[in-house]
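**Student:** I am attaching a structure below and will ask some questions about it afterwards.
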Amino acid sequence: MPPSRVILHADMDAFYASIEQRDDPALRGRPVIVGGTGPRGVVSAASYEAREFGVYSAMSSAEARQRCPQGVFLRGSMRRYAAESRRIFEVFQRFTPLVQGLSLDEAFLDLSGSERLQGAPVQVGERLRAEVRAETGLAVSVGIAPVKLVAKIASDLAKPDGLLEVAEGRVRDFLAPLPLRRLWGVGAVGEKRLHEAGFATLGDLAGADRSELETRFGDFGAHVSRLARGEDDSPVEPGRAPVSYSEENTFERDISEREVLESVISQHAEAVARRLRRSGLQARTVFLKLKLARRVAAGPRGYPLLTRRSTLAEPSDDGATFARVARRLLRDAKLEQPVRLLGVGVSNLLRADRGQLGLFPVEEGEARSGRLNRAMDEIAERFGADKLVRGDAAHAGRAGLSMQHKRGESETPD
Amino acid sequence: MKISIDQHELQRGLARLQSVTEKRNSMPILANILIQVREVDDGGELELAATDLEVGIRSQHSCEVAESGAITVSGKKFYEIIRELPDERVEIATTENAYLSIRCARSEFSLAGSAADEYPTLPVFSPERTFQVQAMVVGEMIEKTMYAASNDEARYNLNGVYLEQIEEAGKLRMVATDGHRLAYVDRSFGSSLEGFADGVIVPRKGLSELKKLVDEDDTHELELGFEGNNGLARKGGVTLTLRLIEGEFPNYRNVIPEEGSQRLVVDRERFVQALRRVSLLSSERSRAVNLEFSSGEVSLTSKNPDLGEARETLDVDFAGESLVIAFNARYLMEALNAPGTKEICLSFKDALSPIRVTPTDDDDVLGVVMPMRV
């Protein structure tokens, strides 16, 4: 058995709204609403105080004003949020060089073996929380566990402004009552399949025979069986920033309908764009990955794989832009057979808060898609990414999206 | 169709069409050129034409005609054949089944073609008003602006150069921008611009064809005309038709900065060379180079986490406050080089405002470059 690890997951509380409240003392304790301030604007973030008035993201600003006339309406600034993120990560770095950033406001830290030097994990976690607060005035919630998956769930349950440690021997009990969606890689489709098979909680999965799950659900079965028991040996990978982000899935049946493929492209493109925005990045290259249905050799690698890429003139973090390019790549590929797997990814990443400034004021169209993206991010964060889809992704349901959904974050360009 | 014509005359005409014949196979017929022969009062006339549906070129050449007619053949193959022939008379004629027979000295070719009516019709339009301008001046204006036009298909209204008459009668302005930088040139053509009222956006492809036409022999006058979504340029026996960009050119006047409080004059060549050297170690993607201004000098620096760092200091007549501005090195180099003068004046306000790049001796040429945030 490998030596036990101590993984800390740190996640900032209501990051954007808290920054606004911190920077303007007059906003503290008051309902702060970040979003479009024009007549057709939508709310993209609401502080805890604002939520008490029933103000939520994606609500029209007009309605938010009705519900909360005393609310403070702000536009927000990604650049400031990214700068704040850098300060927070500098604090994380003091505790260990093994920091893996997941987005602007979230990271894993590997504290294994530092107990003698730094003290018990809970003390380290509290010290980290205190230092982040002292340096930035912001609240961060912390989860501590022997594996990444559990640490992440723990920080979520610790919110707001809390800390939760799940000790080595408590992992399975901790996970048992939780719903299936808590697991990485279990989306709506996977959850439905598992529900239909009679599994309701992680405890149910952990109690089931692994080889049976594997027979029934393939690799996915083995994957969820391991995770439900808290078996997750994925390391904290500080490394360099990722150079590409991608989303792909294998279909349950091979797909040749163009509109379904295009819908799936939109869905993946939106997901990739959302992750970019969360990380404060933009991308210049879009790639489309296709595995064709007709096997040319034996084995799982026997399907022909096509990768097509295109470089944008301007870096972007807009899903609609990525989807448009990927759909063009699909058309240009002139497919003559059904598709088994489809993936959309981006590479050539740049930091959104840096780079070439524009000569002209941001055009209304771009400003609007920026606001829409922020609103969609908020909804995805609160209710799950599948709760809101763009109209052009509406056919994706017809694809019978398989359970084999894969997210890539690669450090080498593919 | 049957004619005889000088090899070099035919080669010159065909060479001109090469950049317009379509290399992609989206519409195979566009890889062809159209050959038409008619008898005119003083003998015979060969017309060579090609279009990619955006730009069309037509040229007239005198020849001896035995029989008029028309055919369309591969522009590339026809050119390659003619190019290899000796400088003698070439006889070309259509034969059975749309073949083109080519004879010169003791060489003989039979090139497969198609009926002329399979080639798309080139727009023939004659604007009500055209105006005469000096070809050389037009060429200069294109050279000093086109670099700033956008390549981004999504910003189609910036994919060309905007031509407009400015307040002063007889002055034509060409202006281009890609949203990060901008360039304009004003040149006076006397009163010959009468009738050129509204501005037009000429696409890059059309402009580079126009530039080539001008460069062939820039001592001539050029006839320009615009109407609706089409433009026309005529010089010698060559007519260029251009599809204009439909769209609105942005209100660029608003983004041109005033002369800034910080100002210096640099030797263009020295400055560009330093930029080129320092940019070798700038990040490949951003091409960012920092300009650190301080009293009497400017240091150019670059940094790349994978490669290292570079620095070069130049003595300049700068007397303003110390300041660091970052630029995409390519944008700055192109703006410095475009005016073609020895000395360039740089003027700016602060690190996040656009910089003005102007020649010291010509108020009618201007470059503007937006900095980078690093």
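All of the numbers you see were taken from the coordinates with simple rules; none came from a lab. Quick caveat, the model's predicted, so the values are computed rather than measured. Because the Cβ atoms are built from the backbone with ideal geometry, glycine has one as well, and the counts that use them run over all protein chains shown.
**Student:** Tell me, what HN-Hα J-couplings in whole Hz come from the Karplus equation 6.51 cos²θ - 1.76 cosθ + 1.60 at θ = phi - 60° for each residue of region A:322-338, using x for Gly and Pro?
**Tutor:** Along region A:322-338, the couplings run 4, 5, 4, 5, 5, 5, 5, 4, 5, 4, 5, 6, 6, 5, 10, 8, x Hz.
**Student:** Where is the GNM fluctuation largest for chain B (alpha-carbon springs, 10 angstrom cutoff): B:Arg129, B:Arg58, B:Arg268?
**Tutor:** Residue with maximal mean-square fluctuation among B:Arg129, B:Arg58, B:Arg268: B:Arg129.
**Student:** Considering only DSSP states other than H, G, I, E and B, which GluC sites (Glu not before Pro) in region B:319-361 qualify as loop sites with at most 11 other Cβ atoms within 10 Å?
**Tutor:** B:Glu321
**Student:** Let me ask something additional. What ³J(HN,Hα) values, in whole Hz, does the Karplus curve 6.51 cos²θ - 1.76 cosθ + 1.60 give for region B:122-137 when θ = phi - 60°, with x put for Gly and Pro?
**Tutor:** 7, x, 10, 9, 10, x, 4, 10, 10, 9, 9, 9, 6, 4, 4, 5
**Student:** With the contact rule set at Cα under 8 Å and sequence spacing of 6 or more, what percent relative contact order holds for chain B?
**Tutor:** For chain B, the relative contact order is 12 percent.
**Student:** Hey, another quick one. Please list the non-local residues whose amide H lies under 5 Å from the amide H of B:Asn230, H modeled 1.01 Å from N, same-chain partners needing a gap of 5 or more.
**Tutor:** Long-range HN contacts for B:Asn230: B:Leu244.
**Student:** Distance cut-off 32 Å, Cα to Cα: go down the list B:Lys171/B:Lys342; A:Lys334/B:Lys2; A:Lys334/B:Lys235 and report the pairs above it.
**Tutor:** Listed pairs above 32 Å: A:Lys334/B:Lys2; A:Lys334/B:Lys235.
**Student:** Here is a further query. So what's the net charge close to B:Glu343: Lys and Arg +1, Asp and Glu -1, counting the other residues with Cβ under 15 Å from its Cβ?
**Tutor:** -2
**Student:** Quick one: which residues, 5+ away or cross-chain, put their amide H under 5 Å from the amide H of A:Leu102? H built at 1.01 Å from N.
**Tutor:** HN-HN under 5 Å from A:Leu102: A:Ala107, A:Phe108.
**Student:** Hey, rough spin-label estimate for B:Ser68 and B:Thr95, points 7 angstrom out along Cα→Cβ, what's it come to in nanometres?
**Tutor:** Each label point is offset 7 Å from its Cα along the Cβ direction, giving 2.6 nm.
**Student:** Just to verify a number: FRET efficiency for A:Glu336 and B:Glu118, C-beta to C-beta distance, R0 = 25 Å, to 0.05?
**Tutor:** Computed FRET efficiency for A:Glu336 and B:Glu118 comes out at 0.35.
**Student:** Could you compute the net charge surrounding B:Ser101? Neighbours are other residues with a C-beta less than 15 Å from the C-beta of B:Ser101; K and R count +1, D and E count -1.
**Tutor:** The answer is +1.
**Student:** Label points 7 Å out from Cα along the Cβ direction at B:Leu323 and B:Ser107: separation in nm?
**Tutor:** 6.2 nm
**Student:** May I ask you to compute the full-extension gain from B:Arg253 to B:Ser294, defined as 0.36 nm times their residue separation minus their alpha-carbon distance, rounded to one decimal in nm?
**Tutor:** Difference between extended and current length: 11.7 nm.
**Student:** Can you give me the angle between helix B:75-84 and the longest principal axis of chain B, using Cα atoms only, in degrees from 0 to 90, rounded to the nearest 10?
**Tutor:** 80 degrees
**Student:** Next question, about the same structure. Between B:Glu246 and A:Ser310, what's the calculated FRET efficiency when r is the beta-carbon distance and R0 is 30 Å? Round to 0.05.
**Tutor:** Efficiency, from the Cβ-Cβ distance: 0.75.
**Student:** Between B:Ser4 and B:Arg277, what length comes free when the chain is fully extended (0.36 nm per residue of separation minus the Cα-Cα distance, one decimal in nm)?
**Tutor:** Contour length minus the Cα-Cα distance gives 92.7 nm.
**Student:** Also, quick follow-up: Label point 7 Å out from B:Glu269 along Cα-to-Cβ: which residues of region B:299-337 have amide N under 15 Å?
**Tutor:** Inside the label zone: B:337.
**Student:** Is it possible to state the helix-based mean residue ellipticity at 222 nm for chain B, with each DSSP H run of 4+ residues giving -39500 (n - 2.57), the sum divided by total residues, to the nearest 500 deg cm²/dmol? What is it?
**Tutor:** Mean residue ellipticity, 222 nm, calculated: -5000 deg cm²/dmol.
**Student:** Could you tell me the distance between the Cα centroids of region B:269-347 and region A:224-274, to the nearest Å?
**Tutor:** 42 Å
**Student:** Report the gain in length on full extension from B:Asp315 to B:Glu84: 0.36 nm times residue separation, minus Cα-Cα distance, nm rounded to one decimal.
**Tutor:** In short, 77.7 nm is gained.
**Student:** Another question about this same structure. For A:Arg22, what is the net charge nearby, where nearby means another residue's Cβ is under 15 Å from its Cβ and Lys, Arg count +1, Asp, Glu -1? Don't skip to the answer; put the middle values down first.
**Tutor:** On the way: positive: A:Arg28, A:Arg30, A:Arg80, A:Arg87, A:Arg133; negative: A:Asp13, A:Glu20, A:Asp23, A:Asp24, A:Glu49, A:Glu84, A:Asp105, A:Glu135, A:Asp161.
Cβ neighbours under 15 Å give a net charge of -4.
**Student:** A further question on this structure: Tabulate in residue order the Karplus-calculated ³J(HN,Hα) for region B:297-305, using 6.51 cos²θ - 1.76 cosθ + 1.60 with θ = phi - 60°, rounded to whole Hz; enter x for Gly and Pro.
**Tutor:** The phi angles translate into 8, 9, 10, 9, 9, 8, 8, 9, x Hz.
**Student:** Return the aspartates and glutamates within reach of A:Lys159: Cα separation strictly under 18 angstrom, same-chain partners fewer than 8 residues apart disregarded; answer none if there are no such residues.
**Tutor:** A:Asp11, A:Asp13, A:Glu49, A:Glu52, A:Asp105, A:Glu106, A:Glu126, A:Glu131, A:Glu378, A:Glu381
**Student:** If you place +1 on the Cβ of every Lys and Arg, -1 on the Cβ of every Asp and Glu, and leave all else neutral, what size is the dipole of the protein assembly as shown about its Cα centre, to the nearest 20 Debye?
**Tutor:** 3300 debye
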